[in-house]
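Q: One structure follows; several queries about it will come next.
What follows draws every value from the coordinates through simple rules; no lab data is involved. Note that the structure is a prediction, hence the values are computed from the model and not measured. Using ideal geometry, Cβ is built from the backbone for each residue, glycine included, and neighbour counts are taken over all protein chains shown.
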Amino acid sequence: MADPKKKTMFQKIAESQFLKSIFRTGIPHTRRQRMMAVLNNVFLHLHPVRLPKHAVKVKYTWCMGGLSFFVFLVLTVTGILLMFYYRPTVEYAYGDIIDLAEQVPLGIMREIHRWGAHLMIITVWLHMFRVFMTGSYKPPREFNWVIGVLLLVLTMLLSFTGYLLPWDQLAIWAITVGSNMARATPFLGHEGPGAALLAIGDINLVHAASDVRFALLGGRFVGEATLLRFYVLHCIGFPFIIMIFMVVHFWRIRKDGGISGPT
Amino acid sequence: MDAFKSIINSLSEPQIMFSFLVLVFFFIFPPSDKLYRIHKKLRLDLLWTNVGGVFIFTGLFVFFGLGVTDENFRLIVTKPDNVPIVGLLFLTIFFLWLSMKQGRDNDIRLAEGQKPNEYHDPEDKVLVWPDLVYIELIAIVLCSILLMVWSIYLKAPLEGPANLADSPNPSKAPWYFLGLQEMLVYFDPWLAGVVLPSFIVLGLMAIPYIDSNRKGQGYYTFNERKTEISLFLFGWLLLWVFLIFVGTFLRGPNWNFFGPFEEWSLSKVVPLTNINLSELVYVRWLKTGLPDNIFLREFFGISFVVGYYLILPPLLARTILKKFYSKMGIFAFSMFVILLLTSVTLPIKMYLRWTLNLKYIVAIPEFFFNI
Ligand code: HEM
């Protein structure tokens, strides 16, 4: 058959100066090249070069941590696309959502974003469940579990703030129900126990226009200011914070000795 | 068929379903050696074999398959925002089975003095390229396909434009918070919406510092970590997923209970005869009126709560939880008992409501302080 020394088209391209300048190693064939492929690439370098056998089995990790991260990336990309069309004002928000489905070509971005958000909550829960069932939170990984719980809370907050943005009945009432509970925060909500104690003479410090719910909503009701607040938190605030914690999470996985396993 | 449906409707009343689940729970996930032996004797560990898995999932699929032929059932499970919860239910049960199965397999190996299945020669490692990256690639591709198919076939819901003057009945929080909303049935908002969620988050964070068992790290096992796994699953499955499930599928207008095959009718009236502990004691039992003094009035409730948190922990430390106390030390033990007692308040209040129609143990509406 073909002359083994003769290079195929594919090999020629892969070994061209241009691709070599990007990937440095070329197609990894030898063990050394394969190690370099991971070491030389900033993204792959999140991984170690070599792993114990059980660590790459789907049976062990269920891929759930990795998929949570992947779905997060999908949400980031679709979220940016949605921001091109969506304006966070009471006047435009609802109409923009309708236009997204009806006027925008390939109008399933909103679907991908919404179902992706549900999916991320599910994958993060299952990831936590896997970590628990393999006892992977035990020393030295305690702190990474704590970071993980923060990631879980942030994931739900991201989803919660996004829920308001379509500005339909579903959105506004879900957020109303959710944020009504803040009224009852001890000391800080105007219907919470202890709030009446925070007073100077006859003047209550905590009332309907100064409690935590007011701070959250930017008003006494879910309205224009709430929409803007939730939009900013959803698109900038929480993504920014969750990314910082993810960086710490990933860093700590490596520093805590890589993925857990039996000794 | 209709008779069958109405049986299921009444069996899924929270009081019946919850009691049933709690009862079987501790045999399926035994927290102690004694219960573990009974679990083995009843052969319940066979659930965590391939045959058991087929059995569980056939049951689930048959129930859902027959269920969707019913109009009311179809209406709630196919509501776009509810679809993920149906998925979650199947996935939770699947991964529960998968982890328990691997745990059982390992327990058998460990009992024979072998290493767990996850164990490989530490020198014999694999390279990330290609062994891990191709698995990641496949996972990403499958996940993308799932997401795209889901998005193409299921439109994201959009109801009428927001209108604060027109509140839908029922108004529900997003599904992942429905556990909290369901707790509102039994607790005031400051507990259900603020204090208990904080306890959940802090409690989760505290797990690694409370759990002093160093065994069973890095592989699936049940036997070596029975107590931890049993308690965690109790909280996760029965006090969280179950409540979400009830809140999503079984709560209709006015947050009334509706069975899975029952029509959500606005006119269902459930008599509300809830009373407070103070009324129960002073009016019903002692047949005197309520005292005017708040502290006198709430004396019994306050003593109950104080006793629950101050007297019960040392008592438990001397009796049934003695082993834990000596192993954990006072700090971790206090944290553990407070979290445990707090999570048990939910079932306690559920049962007080179902049996005595009790609303509040301590009721001081003057200060918005109701427990
Ligand atoms: C946005 C959410 C999260 C992302 C993207 C994420 C990502 C990851 C990834 C990629 C891994 C590597 C192993 C694997 O895939 O299982 C991992 C491991 C880990 N995660 Fe997460 N995670 C998240 C949330 C959580 C949560 C909620 C917890 C726990 C409460 C948690 C605790 C841990 C721990 C302890 C490890 C080390 C496990 C081991 O060594 O076996 N993470 N995470």
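Q: Given R₀ = 35 Å, what would the calculated FRET efficiency be for B:L266 paired with B:T355, taking r from the Cβ atoms and rounding to 0.05?
A: Between B:L266 and B:T355 the formula returns 0.80.
Q: If you build a Gaussian network model of chain B, linking Cα atoms that sit under 10 Å apart, which residue out of B:S167, B:S265, B:S32 swings the most?
A: Maximum fluctuation in the GNM of chain B, among the listed residues, is at B:S167.
Q: Same structure, new question: Take the Cβ-Cβ distance between B:M17 and A:Q17 as r, set R0 to 41 Å, and report the resulting FRET efficiency rounded to the nearest 0.05.
A: So, using R0 = 41 Å, E works out to roughly 0.05.
Q: Which one of A:V131, A:V222, A:L46 is farthest out on the positive end of the charge dipole of chain A, using unit charges on Cβ (Lys, Arg +1; Asp, Glu -1) and the Cα centre as origin?
A: A:L46
Q: Also, quick follow-up: Just B:E298, B:E228, B:E136 to compare: in a GNM of chain B, with alpha carbon springs under 10 Å, which one fluctuates most?
A: Largest GNM mean-square fluctuation: B:E136.
Q: Hey, another quick one. Of B:K5/B:K40; B:K101/B:K125; A:K59/A:K138; A:K57/B:K41; A:K59/B:K101, which pairs sit farther than 22 Å apart, going by alpha carbon to alpha carbon?
A: With Cα atoms farther than 22 Å apart: B:K5/B:K40; B:K101/B:K125; A:K57/B:K41.
Q: Still on this structure, please answer the following. Return the calculated 222 nm mean residue ellipticity for chain B, to the nearest 500 deg cm²/dmol, obtained by summing -39500 (n - 2.57) across DSSP H runs with n ≥ 4 and dividing by the residue count.
A: Here the helix-only value at 222 nm equals -17500 deg cm²/dmol.
Q: Per DSSP helix of 4 or more residues, -39500 (n - 2.57); summed, then divided by the residues of chain A. What does that give at 222 nm, rounded to the nearest 500?
A: -18000 deg cm²/dmol
Q: Using a simple charge model, +1 on the beta-carbon of Lys and Arg, -1 on the beta-carbon of Asp and Glu, nothing else, what dipole does the protein assembly as shown show about its Cα centre, in debye to the nearest 20?
A: 2660 debye
Q: Along the charge dipole of the protein assembly as shown, Cβ charges K/R +1 and D/E -1, which of B:G53, A:W251, A:Q17 sits furthest on the positive end?
A: A:Q17
Q: Please give the charge dipole size of chain B, origin at the Cα centre, charges +1 on K and R Cβ atoms and -1 on D and E Cβ atoms. Round to the nearest 20 debye.
A: Roughly 1200 debye for chain B.
Q: Now for a separate question. Tell me which residues come under 5 Å, amide H to amide H, from B:F369 once H is placed; ignore anything under 5 positions away on its chain.
A: B:I364
Q: Hey, what do the phi angles of segment B:206-212 turn into as Karplus ³J(HN,Hα) couplings, whole Hz, using 6.51/-1.76/1.60 and θ = phi - 60°, x for Gly and Pro?
A: 3J(HN,Hα) across segment B:206-212, in whole Hz: 7, 3, x, 8, 8, 6, 9.
Q: Name the residue, out of B:N357, B:N72, B:N163, whose mean-square fluctuation peaks in a Gaussian network model built on chain B with Cα pairs under 10 Å.
A: B:N163
Q: Please list 3J(HN,Hα) in residue order for segment B:308-323, calculated via the Karplus relation 6.51 cos²θ - 1.76 cosθ + 1.60 where θ = phi - 60°; whole Hz, with x for glycine and proline.
A: Working through the residues one at a time gives 4, 8, 9, 9, 4, x, x, 5, 4, 4, 8, 10, 5, 9, 3, 4 Hz.
Q: Could you give the size of the charge dipole of segment B:277-370 about its Cα centre, using +1 on the Cβ of each K and R and -1 on the Cβ of each D and E, expressed in debye and rounded to the nearest 20?
A: 500 debye
Q: With contacts defined as alpha carbon pairs under 8 Å and 6 or more residues apart, what's the relative contact order of segment A:167-221 in percent?
A: Computed value for segment A:167-221: 26 percent relative contact order.
Q: Further, regarding this structure: Given a Förster distance of 35 angstrom, what is the FRET efficiency for B:I145 paired with A:D256, based on the Cβ-Cβ distance and rounded to 0.05?
A: 0.60
Q: Mind checking which of B:L191, B:P130, B:A162 is farthest towards the positive end of segment B:117-205's charge dipole, using Cβ charges of +1 (Lys, Arg) and -1 (Asp, Glu) about the Cα centre?
A: Farthest towards the positive pole: B:A162.
Q: In terms of modelled amide H atoms, which long-range or inter-chain residues lie less than 5 Å from the amide H of B:K359?
A: Those qualifying (amide H under 5 Å, at least 5 residues apart or on another chain) are B:I275, B:N276, B:L277.
Q: Take each complete run of DSSP H in chain A, measure how far its Cα atoms stretch along the helix's own axis, and keep only those covering 20 Å or more with mean Kyte-Doolittle hydropathy at least 0.0; list them.
A: A:64-85, A:109-133, A:142-164, A:238-255
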